[in-house]
Amino acid sequence: MVKAIVGANWGDEGKGKITDMLAESSDVVIRFQGGANAGHTIINDRGRFALHTLPSGAFYPHVTNIIGNGVALDIRKLVDELRSITDQGVPAPNLIISERAQLLMPYHKLQDAYEEERLGGKAFGSTKSGIAPFYSDKYAKIGIQVCDLFHEDRLMERLTAALAIKNVLFQHLYHKPALDAQELFQQLLALREEIRPYVGDAVGFVHQALKEGKTILLEGQLGSMKDPDLGIFPMTTSSHTLAGFGCVGAAVPPTAVEDVICVTKAYSSSVGSHTEPFVSELLGEAGDELRRRGGDKGEFGATTGRPRRVGWFDAVATKYGCMVQGATKVALTCLDVLGYLDEIKVCTGYEIDGKVTDVFPVTPLLMKAKPVFTTLPGWKCDIRGCKDYESLPQQAKDYVDFLEAHIGAPITMVSSGPKREEMTYRTPKL
Ligand code: GDP
């Protein structure tokens, strides 16, 4: 059976923790989209880790971790990440890199950086990891698959074809130096040797695992709002962040997905740029305080270190986010963070052109939306590490009931801290 673990919001919902936790009783964990442009923070008995490319099952010797065909594979970053976790005493993970995954090339990163520079003040705030040029090339069919590394004539041919286009762009649009195909080819051959032991037929492996009744987790990156079709386009990422795409990016049949676990924080956070709509944002000192207290070390991007924007829980966005993911269960993280507040607001509506709605709108309307809040009492105590849902303060349970009623999806897990075991289980009321 397949369970997808995906984000309901803008990313950084705590998917890494939930995946790491569920991986204990799973056989396979697959990353199905995105690249090293975002990170998952995992805190376990071996330490604190920020994973960018490796699946979050990396810490269990019984788990096979797969980098699926939908991922943008930056080999250099993957090799560095593998080294960094083994340097911290973690045994090398069982890893399969799909031979159908495509390579994130140095020219993707250059193009990303050059384009941000060209856009100047209108830049998207890209992490400059090359993700947008990578996916553009994939769909323009000039991408290079991992399997191409093992067919040198073909590799050189594809590289030359891609560079013919890139170099025109680099020299004439961006006024930057051209790249040399031969040099890039040699670099790729060296990198190929570093991943050779891991490359394999992930598609065959996954289908065999399903036949054997194994449990497979699909690990999403970012969240619903960042999906290029159903999110806040164009302030999205360039790969699909929805569980539905997991079937393509991880090569599992749609009928095998039994659970879609949507992760959302008990407040909002987004690492996006300040030009993005973020309706329930909390600014000023109150925002600074929430940012400082949020997550396990404050709300700062796992990849970029950028301060995240924070806000009250946005029930309008989260309801939509859970709907488009097809959530069968919701995991609510970071409830412990809110224990310092006398009152907690929840954004239950958007006011757009004088009318209040709870339906998440398209981007031009979203840009005009103003939050409509409902205020609930806080619980004013520290619940960090709580393992029994029923023992939580009544106000905390009322807050969770309120969120569940507004997002219309069953909250089954409520996380009380960043560590693996800091978790409570709840019987949903829906
Ligand atoms: P992901 O990309 O969705 O995996 O999210 P990140 O790892 O980027 O961000 C989530 C942050 O919240 C990390 O710092 C986690 O360690 C932290 N975290 C996850 N669950 C909890 C929780 O229940 N309480 C607290 N305080 N922090 C949590």
- Query: Within the chain, what is the longest stretch that has no GluC sites (Glu not before Pro) placed in a DSSP loop and near at most 13 other beta-carbon atoms within 10 Å?
  - Reply: 213-420
- Counting DSSP beta bridges with both ends in segment 35-116, the antiparallel % (nearest 5): 45 percent
- Could you name the lysines whose alpha carbon sits less than 22 Å from that of Lys355, not counting residues in the same chain fewer than 8 places away? Lys319, Lys345, Lys368, Lys370
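Under 1.5 on a/c is rounded, so check that first for segment 232-343, then, if it is not, pick prolate when a/b is larger than b/c and oblate when it is not; a ≥ b ≥ c are the square roots of the alpha carbon gyration tensor eigenvalues.
Cα axes put segment 232-343 in the prolate bin.
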- Here segment 208-224 yields Karplus 3J(HN,Hα) values (6.51, -1.76, 1.60; θ = phi - 60°; whole Hz; Gly and Pro given as x) of 5, 4, 5, 4, 7, x, 6, 9, 10, 9, 9, 10, x, 10, 6, x, 3
- Message: Give me the three principal axis extents of segment 99-235 from the C-alpha atoms, as integers in angstrom, largest value leading.
- Response: 55, 41, 23
- To one decimal place, what Kirkwood hydrodynamic radius in Å is obtained for segment 227-278 from all pairs of distinct Cα atoms? 13.1 Å
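Direction-averaged shadow area of the convex hull around the Cα atoms of segment 18-158, nm²?
Taking the Cα atoms of segment 18-158, their convex hull projects to 9.6 nm² on average.
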- List, in order, the whole-Hz ³J(HN,Hα) value for each residue of segment 414-421 obtained from phi through the Karplus relation with A = 6.51, B = -1.76, C = 1.60 and θ = phi - 60°; use x for Gly and Pro. 10, 8, 10, x, x, 7, 3, 8
- Task: Express the C-alpha Rg of segment 190-273 as a ratio against the empirical globular expectation 2.2 N^0.38 Å, rounded to two decimals.
- Result: 1.36
- Report ³J(HN,Hα) in whole Hz for each residue of segment 12-19, in order, from the Karplus equation J = 6.51 cos²θ - 1.76 cosθ + 1.60 where θ = phi - 60°; Gly and Pro get x. 6, 7, x, 4, x, 4, 5, 5
- Message: Quick check: from the Cα gyration tensor, does segment 297-348 come out rounded (a/c under 1.5), prolate or oblate?
- Response: oblate
- Message: I'd like the antiparallel share, as a percent to the nearest 5, of DSSP beta bridges with both residues in the chain.
- Response: 40 percent
- Query: Binned at 5 Å from 0, what are the whole-percent values of the Cα-Cα distance distribution for segment 51-128, short to long?
  - Reply: 3, 14, 20, 19, 15, 12, 9, 5, 3, 0
- Item | Taking all pairs of distinct alpha-carbon atoms in segment 1-67, Kirkwood radius in angstrom | 12.1 Å
- Item | Global geometry of segment 133-189, whether rounded, prolate or oblate, following the gyration tensor of its Cα atoms and the 1.5 cut on a/c | oblate
- Note on the structure: Over all viewing directions the Cα convex hull of segment 303-399 casts an average projected area in nm² of 8.4 nm²
- Would you calculate a helix-derived [θ] at 222 nm for the chain, using -39,500 (n - 2.57) for each DSSP H run of n ≥ 4 and dividing by the full residue count, to the nearest 500? -9500 deg cm²/dmol
- To two decimal places, what compactness ratio does the chain give when its Cα radius of gyration is scaled by 2.2 N^0.38 Å? 0.98
- Item | Cα-based Lys pair tally, segment 86-229, threshold under 15 Å, eight or more apart or on separate chains | 7
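Bear in mind that the values in this text are calculations on the coordinates, not laboratory data. Please read all numbers here as calculations on a predicted model, not as lab measurements. In this analysis, Cβ positions are derived from the backbone assuming ideal geometry, glycine residues included, and neighbour counts consider all displayed protein chains.
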